[in-house]
Each structure stands twice: as structure tokens, then as C-alpha cells.
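Worksheet for the structure shown next.
Just so it is clear, none of the values below were taken in a lab; they were calculated from the coordinates. In this text the structure is predicted, and so the values were computed from the model without any measurement. Glycine also receives a Cβ, built like all others from the backbone with ideal geometry; neighbour counts cover every protein chain displayed.
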Amino acid sequence: MKSGLLDKKNQRCRIAVAVQGLVQGVGFRPFVYRLARELDLAGWVNNTTGGVTIEVEGQEKNLEQFLKRIKSEAPIHSRIDSLRSQRLAPAGYRDFDIHPSEPSASKTALVLPDIATCAECREEIFDPDNRRSLYPFTNCTHCGPRYSIMEAVPYDRDNTSMKIFSMCADCREEYDNPGDRRFHAQPNACPHCGPHLELWDTKGNILEKRGEALTAAAREILNGKIIAVKGIGGFHLFCDARHEKIIRLLRERKRREGKPFALMFPSCEMIEKVCSVSEPEKSLLTSGEAPIVLLDKKSNHHGIADAVAAENPCWGVMLPYSPLHHILMREIHVPVVATSGNLADEPICTDEREAVKRLSGIADLLLVHNRPIVRSVDDSVIRITAGRPFMIRRSRGYAPLPVPVDEDGPAVLAVGGHLKNTVAVNVNRHVFLSQHIGDLETQPSYDAFLQTTKSLQGLYETSPAYVVHDRHPDYVSTRFAKETGLPRIEVQHHHAHIVSCMAENRISGPVLGIAWDGTGFGADQTIWGGEFLKTNLSEFQRVGSIKPFPLPGGEKAIQEPRRAAVGLLSQLDGSLAGFEDSPPVKAFSSGELKIIQRMVSKNLNSPLTSSVGRLFDAVASLLGVRQCNHYEGQAAMSLEFLAWGTAIDDRYEFEITGGQNQLFVFDWTPMVKGIFNDSRSGEKLEMISARFHNTLVAMAIVMAKKAGEEKVVLSGGCFQNKYLTGRLVDGLRKAGFAPYWHQWIPSGDGGIALGQAVIALNQRKMR
């Protein structure tokens with residue numbers, strides 16, 4: 001509202017205000033109510049499917065203050081994306097009320113993620129005189145489940161899974177009182193009227209109820225049992241993190257051989273005893289999002305079993321984020337493994353009856369509750385990279401927060417990639433990115449993909465006019481797109497990577513995109529993954545890449561870095577002569593090696609790749625670091641860890657060929673020979689790894705100079721490597737470029753759907 005529209009500041013007038021953003025489920029309406037009362041204003045406020053609508057009447061000067069203070073004093077978890085006001089004729093309002101929610105034709109209200117337990121609720125939980133003492137489902141407008149319990153917009157109790165619980169008189173009084181912290185807190189409940197706990201055996205028989213169930217579960221964890229615990233967005237598997245034997249048993253049962261487990265600690269003080277924790281990392285740990293944070297181990301980290309993360313210099317660490325976790329960890333008072341409740345490559349389990357079927361072979365007991373989980377939401381994973389947060393897995397606490405975009409086009413459904421899948425829809429110049437779904441390798445994972453796709457569309461009642469998918473013809477998500485019968489838009493994998501980062505950073509291009517990952521279907525039908533793309537939001541031009549090399553066995557080389565290494569070595573001089581004693585060659589029997597060599601020479605199931613991810617694998621194998629992966633990226637991670645703590649700027653020689661309207665190509669031949677010679681001469685692996693990383697950084701900067709674009713965008717799974725990303729960001733800045741990299745959207749395939757949606761919207765604009 002513009003000031004000065006009325007000459008008399010004390011004249012009574014009325015305005016209508018429409019607020020969009022994160023304004024539901026955060027105490028926004030009671031905030032507006034209290035502010036209006038304080039300023040002696042009359043009218044009403046309510047939730048709509050578009051956000052919050054206000055009509056307020058009073059003196060002009062008070063209305064001006066009202067609008068200013070809405071922006072400056074909004075609740076902590078709210079986010080105002082737009083605030084529009086319109087003058088109306090006075091209506092004669094005499095009081096200020098909170099009206100019931102109203103539906104509208106378009107559902108555009110932003111859905112709030114699940115929020116970790118606030119300080120006030122924690123204090124109540126551990127107050128023996130409070131009526132919610134030790135109640136594991138305590139919440140208020142500042143915390144508690146949101147996205148995981150929502151069935152529809154607007155965020156009202158009848159649109160959540162809490163609708164099956166009728167509030168008692170005391171809870172209803174809190175809920176109806178605008179001055180109470182629990183005013184319209186939709187999951188509001190207490191021990192008398194809300195959800196409750198039960199401890200089950202693996203056949204679903206009830207062993208204990210309510211508080212006794214939690215106490216018994218804590219006791220059994222300390223006695224060496226594995227307990228499946230139903231949380232906010234699904235089940236965790238809990239066990240004592242101090243016991244090597246128990247963790248190895250969990251690995252065996254869960255079929256998770258080497259991949260690190262996440263840890264939950266009772267307190268930040270206990271974390272700081274065994275991990276290095278910077279202030280930014282501490283802020284993440286204690287935030288309302290409460291993600292898993294990757295922290296460096298201290299040398300004196302005794303007390304945590306090696307089997308948690310044997311070959312990793314860091315742990316994935318989190319604090320309790322629900323009342324159930326807080327109470328359980330207070331009872332246990334030791335660190336626990338808190339890993340997703342599933343078998344390897346399956347989605348997290350959400351329903352207790354389903355858990356009896358899926359987790360009975362893993363867990364010894366199940367701690368369950370009767371609040372239904374509407375959608376699975378796994379834990380988010382973050383690390384600090386290049387001085388700021390860097391999202392590895394985006395889920396609880398962050399999904400489904402949207403990314404604002406400039407284009408408002410037809411509704412699209414972006415179905416992401418094959419690994420680390422997420423999906424996305426667009427509504428009202430926002431792209432809503434789903435929670436982490438996972439690798440689409442199994443039927444349960446595909447079922448979760450279907451459920452999430454349906455759920456995200458249903459939440460906003462959007463019907464896509466187009467479905468957007470990766471160009472890879474064999475991706476499960478691509479096959480799904482074809483089966484929808486909708487008009488399809490194909491998007492190249494690495495273009496989607498770069499545009500996801502551009503969208504997050506609100507830049508439009510042109511830019512030089514550096515897309516480095518493990519696998520992506522290239523425009524020339526080869527396997528890309530080391531690409532330099534001149535890019536805008538709708539199209540790209542490939543201007544550079546790395547010299548391709550064969551992958552004998554195709555996808556099998558992803559599990560066996562030794563195959564990538566042999567493929568790489570075979571390109572040096574046309575044979576493996578001189579490399580007979582190298583670790584990858586010795587890792588094969590003579591018969592296996594003959595077959596591999598024949599595959600490469602005859603081009604039999606040996607596709608060419610320009611993948612930096614596979615180059616990492618090959619170098620790790622060449623150095624004898626790892627010949628086979630137990631999980632995706634293991635060899636590359638091992639190589640990264642070797643470089644940590646080095647302070648050298650040395651690099652290997654390399655060549656860049658091409659130019660004059662030809663593709664610039666990074667020829668790694670001198671580098672690989674240098675690596676081999678250093679290894680043979682006994683150079684420390686840490687030094688070799690650092691030189692390898694530094695060579696990639698130097699090469700990327702030279703490529704950027706040749707491309708001639710000031711803005712350089714980094715995306716793809718390889719940039720989860722904090723040594724590589726930190727060095728490259730610093731090097732680009734020193735060379736005069738403006739680097740952009742990910743923060744809240746994953747650089748890996750978890751961000752692909754965002755890029756797909758944005759590209760589709762911009763391509764439709766051009767038609």
C-alpha cells in the first residue's frame with residue numbers, strides 16, 4: 001500500500017492482503033491476529049489454498065505499520081514470497097477474528113517440511129509437572145510433522161493423518177486460543193487424546209504400550225538388540241554404535257556391506273567429543289531442519305565401532321529431531337546407529353504392518369505408533385563445502401520446498417533420472433521438488449516412485465500437460481514417461497544438471513556448465529560425464545569433454561573400477577604392455593584378462609565414456625586403492641579422502657586438443673603416465689591423489705578460458721567431492737570467473753528433475 005493515498009492519517013480505511021510463501025503451519029495466523037490487536041485493527045485472517053488472506057480495517061498509520069511489521073516480524077519458520085494489498089471501502093469491522101480456511105480454484109500455498117522439535121516443546125517434554133511430560137508426540141505451531149502427514153492443501157487438521165484423533169478439552173482449548181503457542185497446531189495432541197507407542201515382536205504381537213514401550217526399547221538397544229523405530233517420515237533401525245559385533249550383524253541383515261551408517265547422538269556436546277564441529281556445522285545440526293551432517297572424525301574418537309564407517313574419515317551425524325527421538329536418546333544416553341528402515345536398494349518403510357513383513361528379518365523388535373505416515377521422508381544429508389552448506393540428499397526438513405522460476409507455463413511432470421530419483425511439478429512459477437526416492441532398481445523403489453509422483457500432483461491438484469524425462473531409453477523413469485501417454489519432452493542428462501544449478505542460483509545464462517558425473521546418455525549416444533557445455537535455460541552446446549575410453553563390461557565397470565582402469569590403460573599405447581604388474585591388471589586372472597582385452601579390441605560390450613566419475617574409478621584402481629565397489633562411488637570417495645590434508649599445488653601434465661569449431665578435448669594420457677610412474681616409484685598415495693585432483697582443477701580452468709564465459713556453473717555427482725569443489729571454486733575465482741555451485745539442491749541426480757522442469761518450461765516458451 002502506498003503511503004499518502006489519504007490526507008488524513010487518522011481516517012478509517014480497509015485493505016485486503018494476500019500473502020504467499022511458507023505461511024501455513026508456522027503460526028502465521030496467530031501472529032497476524034496478535035499484531036492486528038496490538039495496532040487496534042479490526043478484520044479477519046484465514047488460510048486459503050493459495051496462502052493467507054487478510055482483511056484489516058483501521059487508521060491509515062496503523063495499517064502502514066501493520067504491513068511493515070508483517071514482513072519484519074514474521075514467524076521464524078515462515079517465508080514471505082509475495083505480499084499484495086488492495087484498498088477497499090470500510091466495512092465497519094469492530095473486532096479481529098481468525099476465519100476457517102477456504103478452498104480456492106488454484107492450490108498454490110507452499111507446503112512446509114517437517115520441523116524438528118522446538119526448545120519450548122523439549123522443555124515441556126522433560127518437565128515432570130507438565131501434562132505432556134515424556135509424551136513422544138508433543139508439538140506446536142513452531143515444530144512437528146507437516147509434509148509427512150499432509151493429505152491435501154490447505155494445511156488443516158482434516159487434511160492430515162491426525163484427523164483420526166479427536167482432541168480432548170484441554171487440547172481443543174489450546175487449539176482455539178489465538179494467544180496460545182498451539183493455536184491451530186494441526187498435529188496437536190496429548191497422552192489422553194493423541195497417538196501412542198507400542199513395542200512389538202517381529203510377528204506383530206504387542207509386548208508393551210506407551211511409556212513402558214519406549215523404556216523397554218531403550219533397554220533392549222543397550223542390551224545389543226536391533227530395534228526398528230517408527231519416526232516422522234518412516235522407520236529407522238537403531239542399535240548401539242559402540243558394539244562392533246552388533247553393527248556387523250546389522251550390515252549382514254540389511255545387506256549393506258561397506259556403506260557408512262548414520263549416527264544419532266544424544267547431544268551436540270557428545271558429538272564434539274569425537275568429531276570436529278565448526279560453527280556452520282553446529283548451526284545445521286541444531287537447526288529446525290536437523291539434517292544428517294557429514295563431520296570429520298577426531299583422532300580420539302574411541303567408543304564408536306569401526307564398523308560404522310570403517311574406511312571413511314567422517315561420520316554422518318544427527319541430533320534427535322522428534323520428541324520420540326529426544327526421549328529415547330535421553331534413556332539410552334549413548335550414540336546409536338540410526339539408519340533407514342529398509343533393505344539395501346529399497347525405499348524406507350513407513351507402515352508398521354508393512355514393517356513386520358519387510359523388517360522382521362533385520363530388526364529384533366519394533367517400536368511403533370498409530371499416527372499414519374502419509375508419505376515416506378528420509379533424512380536429509382548435508383556437508384560444508386567451499387564455505388557453505390552443500391546438499392547431498394534432500395528430503396526431511398527441506399522437501400517439498402519449491403525453487404522459484406521466472407517462467408509460468410503449462411503444467412509439467414519431471415520424472416528425474418534412474419539413480420537417487422526425485423520428481424518435480426510446477427505450480428504458479430514454482431517448481432516443487434519431491435523428497436528423495438532413491439535408486440529405481442527394485443519393484444518397491446518403483447512403487448515408491450509411483451506413489452510420490454501421484455502424491456505430489458495430488459497435493460496441488462495439478463494435471464500435467466507434458467511429462468519430462470531423461471534421454472536414456474532404458475531408464476525406468478523414461479519408460480514410465482512413455483507409458484503416461486502424455487506429450488513428452490526429452491532432456492539431456494547433463495543439461496539438466498547444469499540448469500538445476502542455474503535455477504537454484506537464479507541465473508539464466510549464457511554460462512559455461514561443467515557437468516562431471518558417473519553416467520549420462522550423451523547426445524551422440526555415448527556415455528558422457530566429463531562435459532563442458534555452453535548453456536542457457538533451454539538449450540546447450542557441447543564445447544569440451546575428456547578423451548573417451550572404453551568400459552569393458554559396460555555397467556559392470558561401475559561395480560568394478562579395475563575394468564575402467566584396464567580400459568583406460570589399453571588406450572595409452574594400444575595394449576597393456578608395461579602395465580603387467582599394475583594393480584588393476586593383477587586383479588584379474590590371466591583368463592579374465594584375455595577376455596577383457598578381447599572385449600576392448602573387438603569393441604564388444606565396451607562402450608566409450610567421457611565420464612570423470614569413471615576416470616576417478618580408474619585412477620583409484622591404478623593406485624591399488626580399490627578394485628571393486630561395494631556401493632556407488634566408493635572408489636572415488638576413497639581417492640578423495642587420500643587428498644584431504646594435503647597442501648600441495650603440484651599437478652600432472654596434460655594436453656587439450658581441438659579448437660577452431662572442434663570440440664576441446666582433455667587428453668589425460670600424460671597425467672595417467674605420470675600417476676603410474678609416481679606409483680611405481682613409491683610416491684605416497686596422498687600426494688598422487690592430490691596431484692590428480694589438482695590436474696582436473698587446472699584443466700577445468702583452461703577449458704573455461706577457452707570457452708570464454710564469465711559465469712561457470714558446476715554440477716554433477718563428482719562435485720560432492722569437497723576437495724575438488726573447494727579447489728575449483730577458489731581457482732576459478734582467482735582466474736577472474738564467477739563460479740556457481742549447489743547449496744540446497746543436490747549436485748547429483750537428486751537435482752535432475754528440477755533441471756528437467758525448468759528446461760521444459762523454457763522450451764515451451766520458445767515454441
Worksheet, complete the sentence: A correct fewest-to-most ranking of Val23, Val712 by other Cβ atoms within 10 Å would be Val712, Val23
Item to complete: Place a +1 charge on the Cβ of each Lys and Arg in region 12-98 and a -1 charge on the Cβ of each Asp and Glu, then give the dipole magnitude about the Cα centre in debye, rounded to the nearest 20.
Response: 140
Worksheet item: For region 39-48, what does the Karplus curve 6.51 cos²θ - 1.76 cosθ + 1.60, with θ = phi - 60°, yield as ³J(HN,Hα) per residue in whole Hz, taken in order and with x for Gly and Pro?
Response: 9, 6, 10, 10, x, 7, 9, 8, 8, 10
Practice prompt. Return the tail of the calculated pair distribution for the chain, meaning the percent of Cα-Cα pairs more than 49 Å apart.
Written response: 20
Worksheet, complete the sentence: Karplus ³J(HN,Hα) for region 277-292 (6.51 cos²θ - 1.76 cosθ + 1.60, θ = phi - 60°; Hz, whole; x = Gly/Pro) runs 10, 7, 4, x, 5, 5, 4, 5, 4, 9, 6, x, 7, 6, x, 6
Worksheet entry | Theoretical ellipticity at 222 nm over the chain - DSSP helices of four or more residues, -39500 (n - 2.57) apiece, nearest 500 | -9500 deg cm²/dmol
Fill in: Between 0 and 90°, nearest 10: helix 323-332 axis offset from the chain longest Cα axis
60
Fill in: Net dipole in debye of region 674-742 [+1 Lys, Arg Cβ; -1 Asp, Glu Cβ; about Cα centre; nearest 20]
80
Worksheet item: What is the magnitude of the charge dipole of the chain about its Cα centre, with +1 placed on the Cβ of each Lys and Arg, -1 on the Cβ of each Asp and Glu, and no other charges, expressed in debye to the nearest 20?
Response: 820
Discussion item. Net charge around Glu279, counting only other residues with Cβ within less than 13 Å of its Cβ (Lys, Arg = +1; Asp, Glu = -1)?
Written reply: 0
Worksheet, complete the sentence: A correct fewest-to-most ranking of Ile558, Ile752, Ile70 by other Cβ atoms within 10 Å would be Ile558, Ile70, Ile752
Worksheet item: Gain in length, Glu244 to Lys225, computed as 0.36 nm per residue apart minus the alpha-carbon separation, to one decimal in nm?
Response: 5.6 nm
Fill in: FRET efficiency, Lys209 to Asp180 (Cβ-Cβ, R0 45 Å, nearest 0.05)
0.95
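In percent, how large is the relative contact order of region 613-748, given Cα pairs closer than 8 Å and 6 or more residues apart?
Once divided by the residue count of region 613-748, the mean separation gives 22 percent.
When the chain is fully extended, how far beyond the present Cα-Cα distance does Gln541 get from Ser590, taking 0.36 nm per residue of separation?
Result for the pair: 13.3 nm of gain on full extension.
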Worksheet item: Amide H to amide H under 5 Å from Ile115: which residues, 5+ apart in sequence or cross-chain, H placed 1.01 Å off N in plane?
Response: Gly144, Arg146
Worksheet item: Taking R0 as 45 Å, what's the FRET efficiency between Gln86 and Ala735 from their Cβ-Cβ distance, rounded to 0.05?
Response: 0.35
Worksheet entry | ³J(HN,Hα), Karplus 6.51/-1.76/1.60, whole Hz, each residue of region 546-552, x for Gly, Pro | 9, 4, x, 9, x, 10, x
Worksheet, complete the sentence: Residues meeting the amide H criterion for Ala241 (H placed from the backbone, H to H distance under 5 Å, 5 or more places apart or on another chain) are Val336, Val337
Item to complete: Using only the Cα atoms of region 12-98, construct the convex hull and provide its projected area averaged over every direction, in square nanometres to one decimal.
Response: 4.9
Worksheet, complete the sentence: Listing His430, His325 by rising number of other beta-carbon atoms within 10 angstrom, fewest first, gives His430, His325
Response to the item:
Bridge orientation stat for the chain from DSSP, antiparallel percent rounded to 5, came to 75
Worksheet item: Counting Lys and Arg as +1 and Asp and Glu as -1, what is the net charge of the other residues whose Cβ lies under 13 Å from the Cβ of Glu220?
Response: -4
Worksheet, complete the sentence: So for R0 = 45 Å, FRET eff. of Lys68-Lys163 from the Cβ-Cβ r, to 0.05, ends up at 0.75
Discussion item. Once you keep just the Cα pairs under 8 angstrom separated by 6 or more residues, what percentage relative contact order results for the chain?
Written reply: 11
Item to complete: Treating the angle as unsigned and between 0 and 90°, give the value, to the nearest 10°, between the Cα long axis of helix 493-504 and the longest Cα principal axis of the chain.
Response: 40
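In the structure displayed, which of Lys203/Lys259; Lys163/Lys259; Lys209/Lys273; Lys209/Lys454; Lys298/Lys547 lie more than 31 Å apart, Cα to Cα? The partial results should precede the final answer.
Numbers: Lys203/Lys259 29 Å; Lys163/Lys259 39 Å; Lys209/Lys273 35 Å; Lys209/Lys454 35 Å; Lys298/Lys547 40 Å.
Lys163/Lys259; Lys209/Lys273; Lys209/Lys454; Lys298/Lys547, as the Cα separations exceed 31 Å there.
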